[in-house]
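The values are calculated or read from the model by the stated rules, or taken from the named source; none is laboratory data. These numbers were taken from a predicted model, which means no experiment stands behind them. When we count neighbours, we look across all protein chains shown, and the Cβ atoms used for this are built from the backbone with ideal geometry, even at glycine. For the accessible areas, the whole protein counts, side chains as well, though only heavy atoms, and no ligand, DNA or RNA atoms are used. Shrake-Rupley method; radii C 1.70, N 1.55, O 1.52, S 1.80 Å.
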Amino acid sequence: MTCFQELVTFRDVAVDFSRQEWEYLDPIQRDLYRDVMLENYRNLVSLGHSISKPDVVDLLEQGKEPWMILREETRRQYTGKEGKEGKGKPSGW
């Protein structure tokens, strides 16, 4: 039996919310999301993954809402294009 191990990326464990979806979350759910996303990032780093810190992690550490970055990353992922507010460096997901 052959076993293959693939590296898990932050993208594999990230959960994306649109602005509308984010608005439906209550403060406790938003806090839980923040805690889980930050813990996922820390866990990957602790396993020795050398990844740059995603923009969403920076926003969450600052207590900001992540939906705008997530929307832009999703748009770039599927279209390869940046929106008006997405000019700048990719987040390194």
message = Suppose we look only past 14 Å in the calculated P(r) of segment 10-76. What percent of the Cα-Cα pairs does that tail hold?
response = 58 percent
inquiry  = Students sometimes get this wrong: rank Y24, Y33 by accessible area, probe 1.4 Å, all chains present, largest first.
reply    = Y24, Y33
key: Order by protection proxy (mean Cβ within 10 Å, highest first), peptides 59-65, 25-31   = 59-65, 25-31
